[in-house]
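The values are calculated or read from the model by the stated rules, or taken from the named source; none is laboratory data. Please read all numbers here as calculations on a predicted model, not as lab measurements. So basically every Cβ, Gly included, is an ideal-geometry build from the backbone, and we count neighbours across all protein chains shown.
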Amino acid sequence: MSRRRALPAGGPGVVPREGTVLSRRTAIAAASGLLTLAVMGLNTPAQAVSYGTPTIALSAAYLSGAVGATADPAVTVTLAQSGADVSALTVAASASSKSSVAGTGDVTVTGTGATRTVTVGAHARGYTDLTLKVTGLGGKTATKTLHYAASAAVQYGPQTRYLTGSSDASAAVDVGDGYVVVADDESNVLRLYSRSASGAPVKTWDVSDALGADKEIDIEGAARVGNTIYWTGSLGNNKDGEYKADRNTVITTTVSGSGANTALTVAGSYHKLRDDLVAWDKMNGNGYGFAAGVADGQVPKQIDGFNVEGLEFAPGSTTTAYIGFRAPLVPPKGGGKGLIVPVTNIDKVLGSGAKAVFGTPIELDLGGLAIRDIRKNAANQYLIVAGSWAADDNSDPYALYSWDGVAAHAPVKRIDLPTSDPGGWEAVVDVPDLSVSGAQAQLITDDGSADLYGDGTEAKDLSHDEWKKSRATWFTVTP
């Protein structure tokens, strides 16, 4: 007789009785939450996914903005979490130390990948620390602090951009494709900025080593001919009336590339233009008082002082440069005229160290204001930024004049520039076609002595470069 294998009580498909070998194995599997596989020899339990703590890094820990600004600077946030798809991570502001300046709801995060962009909309001038929190899978989080500073709203807010990293913009040259190289009168660093977006420089060049300069050149004027940019120091004493040799410097840089790909190299320098100007004025009867203006103890920014701030070439010339003076006025009293002295061999001065030769000086009626910058276009149309000779000039009058570069022709006032906002107008980037209605020009301020954030600190003395900035604003200059 054949013998059958006994089935567990209850028949096929019935749960084994407690105490059997099979029941014990089933209970162990159920307790661990794992299913034992016995297919193709795979009998190892599957492991639960383990997520690491997420990481968050900021491209800068400090950020400056402005109330009512357009296209304010941003910071980039880089995220990661082991075991997780980075797109599953979220970022948001979780706290603000002063929500009246900017609260958590004023922080905007865009992007979905490993890098996100963070911008802040300010309500009021001041400082706040914003906590940025990344939340990853598994409920794990990490935070970073963004130190934010907001300056006050300004006139022409939609037309304004902010150049951060420096507050003492003093001269500017367009390099095409929407970019500009900006000089700083507190350092020897040239900075490349986008003209359309607020933020830090794309590139920087410190020319100190190439020139052997220990102190600032006090760059105040610039002009471009072909692929050469000429930069001049103020040539005057410092604010304490002391002679500093590095300020008596004119340099050239060679430009290669354009736009964001612009590169600069120092090509030449000359360190005696101030001496040449003083000797020329003495030879012509001290008509402009240059020798007295550079005397020991003489402060440069006086109505009878000595201070250069403008540089541009004469109409149609690549060898005659116009030197524009902030001081002195001519004569040195209220209602005096702005002074230009032509250097007729500037190419040889910088090319071979030749002594400067000067042409007939030009005196321009700028309504009692002095020359703060001068720029022309290829059609020999000039714009002159006219402002006070005084040092404390953030609220003094400024105006923009057009001119044709001919000594016998008077400049024409185009617009009065706003003076209720911080900073003095120092540079005009380029000159549009002034025969076209609605033409716009971009001007830049020096904000070095401005209290941007309401704490009594001048911008040049701020502890973080990211909080330092100058304004670049477009103005309509033709009706």
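Among the residues examined, Ser166 qualifies as touching a Lys or Arg at 6+ places or on another chain (Cβ under 6 Å) and outside any strand (DSSP E or B).
Looking only at region 57-102, count every residue that is under 25 Å from the mean Cα position of the chain (by Cα) and small (Gly, Ala, Ser) and tell me the total. Residues meeting the conditions: 12. Only a single criterion out of (1) modelled with pLDDT under 95; (2) more than 28 Å from Gly456 (Cα to Cα) is not satisfied by Thr70, namely (2). Assess whether Leu192 counts as being part of a strand (DSSP E or B) and within 25 Å of Ser96 (Cα to Cα). No: the conditions fail for Leu192. The single residue among Ala197, Ala183 that is in the same structural domain as Val431 (by TED's automatic domain parsing), of a type in the set (A, V, I, L, M), closer than 21 Å to Asn377 by Cβ and not in a helix (DSSP H, G or I) turns out to be Ala183. Looking only at region 347-358, decide whether some residue is outside any strand (DSSP E or B), in contact with a strand residue (DSSP E or B) (Cβ under 6 Å, 6 or more places away or on another chain), over 30 Å from Ser194 (Cβ atoms) and of a type in the set (Val, Ile, Thr). Looking through region 347-358, at least one residue is outside any strand (DSSP E or B), in contact with a strand residue (DSSP E or B) (Cβ under 6 Å, 6 or more places away or on another chain), over 30 Å from Ser194 (Cβ atoms) and of a type in the set (Val, Ile, Thr). Figure legend. Inter-residue proximity from region 115-126: first residues assigned to a loop (DSSP other than H, G, I, E, B), second residues among the hydroxyl-bearing types (Ser, Thr, Tyr) and surrounded by fewer than 16 Cβ atoms within 10 Å (Cβ to Cβ), beta-carbon distance below 7 Å, spacing 6+ or different chains. Indicated pairs: His123/Ser100; Ala124/Ser100. Considering the conditions (1) surrounded by fewer than 19 Cβ atoms within 10 Å (Cβ to Cβ); (2) over 20 Å from Leu235 (Cα atoms), Lys376 is excluded by exactly one of them, (1). Taken together, Ala386, Ala407 contain a single residue that is touching a strand residue (DSSP E or B) at 6+ places or on another chain (Cβ under 8 Å), assigned by TED's automatic domain parsing to the domain that holds Ala321 and part of a strand (DSSP E or B), which is Ala386. Checked against (1) farther than 21 Å from Ile219 by Cα; (2) part of a strand (DSSP E or B), Gln442 meets all criteria but (1).
Among the residues of region 408-442, those that are of a type in the set (A, V, I, L, M) and touching a residue at least 60 places away in the same chain (Cβ under 8 Å) comprise Ile415, Ala427, Val428, Val429.
When each of Ser100, Ser64, Ser94, Ser50 is tested for being at pLDDT 95 or above and in a loop (DSSP other than H, G, I, E, B), the lone residue that passes is Ser100.
With respect to the conditions (1) outside any loop (DSSP other than H, G, I, E, B); (2) over 17 Å from the mean Cα position of the chain (by Cα), Asp430 falls short on a single one, namely (1).
In region 270-280, the condition of being surrounded by fewer than 24 Cβ atoms within 10 Å (Cβ to Cβ) and farther than 30 Å from Asp296 by Cβ is met by no residue. Based on this model, can you work out whether Ala391 counts as assigned by TED's automatic domain parsing to the domain that holds Gly289, assigned to a loop (DSSP other than H, G, I, E, B) and over 25 Å from the mean Cα position of the chain (by Cα)? Taking the combined requirement at face value, the residue does not satisfy it. Residues that are among the basic types (Lys, Arg) and touching a Ser or Thr at 6+ places or on another chain (Cβ under 7 Å) within region 218-272 comprise just one, Arg247. Residues in region 443-457 that are among the charged types (D, E, K, R), touching a residue at least 40 places away in the same chain (Cβ under 8 Å) and surrounded by 15 or more Cβ atoms within 10 Å (Cβ to Cβ): Asp446, Asp447.
Each row is one residue, and each column tells you yes or no for (1) modelled with pLDDT of 95 or more; (2) outside the structural domain of Asn380 (by TED's automatic domain parsing); (3) of a type in the set (D, E, K, R); (4) crowded, with 20+ Cβ neighbours inside 10 Å.
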| site | (1), (2), (3), (4) |
| --- | --- |
| Ile217 | yes, no, no, yes |
| Gly221 | yes, no, no, yes |
| Asn227 | yes, no, no, no |
| Asn237 | yes, no, no, yes |
| Gly241 | yes, no, no, no |
| Lys244 | yes, no, yes, no |
| Ile251 | yes, no, no, yes |
| Ala267 | yes, no, no, no |
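Ala399: assigned to a strand (DSSP E or B), farther than 22 Å from Ala200 by Cβ, of a type outside the set (Val, Ile, Thr) and without any contact (Cβ under 8 Å) to a residue 40 or more places away in the chain, yes or no? Criteria met by Ala399. Counting the residues of region 63-77 that are in contact with a Lys or Arg (Cβ under 8 Å, 6 or more places away or on another chain) and either closer than 17 Å to Ala93 by Cα or crowded, with 22+ Cβ neighbours inside 10 Å (or both) gives 3. Per the conditions (1) in a strand (DSSP E or B); (2) among the β-branched types (Val, Ile, Thr); (3) more than 30 Å from Thr228 (Cα to Cα), the sole criterion not satisfied by Val175 is (3). Test Leu311 against the stated conditions and say whether it is aliphatic (A, V, I, L, M), part of a strand (DSSP E or B) and surrounded by 15 or more Cβ atoms within 10 Å (Cβ to Cβ). In short, yes. Scanning region 135-163 for residues that are touching a helix residue (DSSP H, G or I) at 6+ places or on another chain (Cβ under 8 Å) and buried (at least 24 other Cβ atoms within 10 Å of the Cβ) turns up Gly136, Ala149.
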